[in-house]
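**Q** Here it is: the structure, laid out below.
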Amino acid sequence: MTGQPGAATLLESELALGVFEALFVRLYELSGPALPLQQIMHWVRRFQVDCPAVDHERTLVFGGYFYNFSSVAPSADAIAEARARARALGAAQLLVPTVRRTSDRAALRDAGFLALPWFIEAIVDLRDGVDAALAERLSLHQRKELARLVRRAEETYDLVFLEGEEALRDPAAMREVARLHGMNIEKYGHARNFYDEGTLAAIAASALGPHLLLCLRRERATGEAVQASVNFIDRTRGQLFQMVQGIDRARVPGGQNLYIAETLQMYRLAERAGLREVHLGRGGHPAKRKLGANRFRLLENWVYAPAAARAELTTLRAAAVQALGLDDDEARAAGDFTLE
């Protein structure tokens, strides 16, 4: 595919998209990134709207693969390449997932794609440091509660970070991360584990391997791993991405909130590394604002559908606008959240 000249993050870059396409194909057991949308876990009945014509149509996915938080809008040349590839794979429909609303989407509009608001992404700006960021955005009571949860976790657990080659050299740690993430998959009832052990090994051995950052939290008394997360770190752009995590909740006593504790500890790691942004991912943006997130980005799925299915996309778009609380077609706000 034609490159990504507008990429603002590592996960939007051509390097990352090549890896993520391979992971997407592996996840869904495909020969190429084309399948009915109803098989994609990040798509299926997102807003509880039935779209049988859209859902069952064989669809080429390109420009983003849901592994990356956000995508750059493709150029006209990239769209033309995708259409040729779709024909070769027998796909009449095309999907570009999670395009940044701040991206130049003119080529998508000109090509007849329709935008579907889909997720809201949360970002923490740490340019002035963790303490200044939290003091600006949270009350004193909120900051004290976050600090208390971090102290409680630090009293009982050790936190270990494995970056790049360290992760590749420690397959036992990757197995632990995959096991704990699998518990999260069970909790939410996902049909597929998109960060199983094989996926983590593939990432570690890929061009993204040097950016991989695994986190394991172990009980100090037993050495048992109770929490894990998969992250990417980009020291050049000054960005950290919290991808997924998993917790063995049966081993975590009441009063501990390891998700919050790890997030705050990640902020400190980012600060020590001189990073400027921590990307907290998609969904749950009200809770993430309580963790200091101050930038919120609307992400849209852009779909080109056969004429018979376009009415369904219009219905789905209306449901998405209502569910996300978007103010108007410009979508500058979602409720009381100002959007980029």
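The values are calculated or read from the model by the stated rules, or taken from the named source; none is laboratory data. Given the structure is predicted, the values throughout are model-derived calculations rather than measurements. Glycine gets a Cβ as well: all are built from the backbone with ideal geometry, and neighbour counts include every protein chain shown. Each accessible area value is taken on the protein alone, full model and side chains, heavy atoms only, with ligands, DNA and RNA left out. Shrake-Rupley method; radii C 1.70, N 1.55, O 1.52, S 1.80 Å.
**Q** For a quick check of your reading of the model, give me the residue pairs whose first member lies in the range 263-276 and is in contact (Cβ under 8 Å) with a residue 60 or more places away in the chain, whose second is part of a loop (DSSP other than H, G, I, E, B) and loosely packed, with under 15 Cβ neighbours inside 10 Å, with beta-carbon atoms closer than 6 Å and at least 6 apart or on different chains.
**A** E271/G129; R276/R127
**Q** Across the range 270-310, what is the number of residues that are assigned to a loop (DSSP other than H, G, I, E, B), crowded, with 20+ Cβ neighbours inside 10 Å and hydrophobic (A, V, I, L, M, F, W, C)? Break it down into steps so the answer makes sense when it comes.
**A** Pass one, the range 270-310, residues assigned to a loop (DSSP other than H, G, I, E, B): 273-276, 283-284, 290-294, 305-306.
Among the residues that remain, those that are also crowded, with 20+ Cβ neighbours inside 10 Å are: 275, 291-293, 305.
Checking which are hydrophobic (A, V, I, L, M, F, W, C) leaves us with 275, 291, 293, 305.
Here the count works out to 4.
**Q** Same structure again: Looking at G254, G246, G238, which is the one that is loosely packed, with under 15 Cβ neighbours inside 10 Å and not β-branched (V, I, T)? Working first, answer last.
**A** Working: G246 fails: loosely packed, with under 15 Cβ neighbours inside 10 Å; G238 fails: loosely packed, with under 15 Cβ neighbours inside 10 Å.
So the residue among G254, G246, G238 that is loosely packed, with under 15 Cβ neighbours inside 10 Å and not β-branched (V, I, T) is G254.
**Q** Would a scan of the range 109-122 turn up a residue that is free of Cβ contacts under 8 Å to residues at least 60 places away in the same chain and under 30 Å from R332 (Cβ atoms)?
**A** Our first condition is that a residue be free of Cβ contacts under 8 Å to residues at least 60 places away in the same chain; within the range 109-122, this holds for 109-110.
After this cut, where a residue has to be under 30 Å from R332 (Cβ atoms) as well, the list is 109-110.
Yes, some residue in the range 109-122 is free of Cβ contacts under 8 Å to residues at least 60 places away in the same chain and under 30 Å from R332 (Cβ atoms).
**Q** Pick out the one residue from L313, L324 that is open to solvent by less than 30 Å² (accessible area, probe 1.4 Å) and closer than 30 Å to F232 by Cα. Don't jump to the end; show me each part of the working.
**A** On the way: L313 fails: closer than 30 Å to F232 by Cα.
Just a single option satisfies the conditions, and that option is L324.
**Q** Taking the residues in the range 192-220 that are open to solvent by 60 Å² or more (accessible area, probe 1.4 Å) and touching a residue at least 60 places away in the same chain (Cβ under 8 Å) as candidates, determine which candidate is farthest from Q38 (Cα to Cα).
**A** Once the filter is applied, the top-ranked residue is R220.
**Q** Taking F24 as meeting all but one of (1) hydrophobic (A, V, I, L, M, F, W, C); (2) open to solvent by 30 Å² or more (accessible area, probe 1.4 Å); (3) out of contact with any helix residue (DSSP H, G or I) (no Cβ under 9 Å at 6 or more places or on another chain), write down the number of the exception.
**A** Looking at each condition in turn, F24 falls short on (2).
**Q** Output the number of residues of the range 66-80 satisfying the condition of being surrounded by 15 or more Cβ atoms within 10 Å (Cβ to Cβ) and either in a loop (DSSP other than H, G, I, E, B) or of a type outside the set (A, V, I, L, M, F, W, C) (or both).
**A** Taking the range 66-80 first, the residues surrounded by 15 or more Cβ atoms within 10 Å (Cβ to Cβ) are 66-75, 78-79.
Among the residues that remain, those that are also either in a loop (DSSP other than H, G, I, E, B) or of a type outside the set (A, V, I, L, M, F, W, C) (or both) are: 66-75.
Result for the range 66-80: 10.
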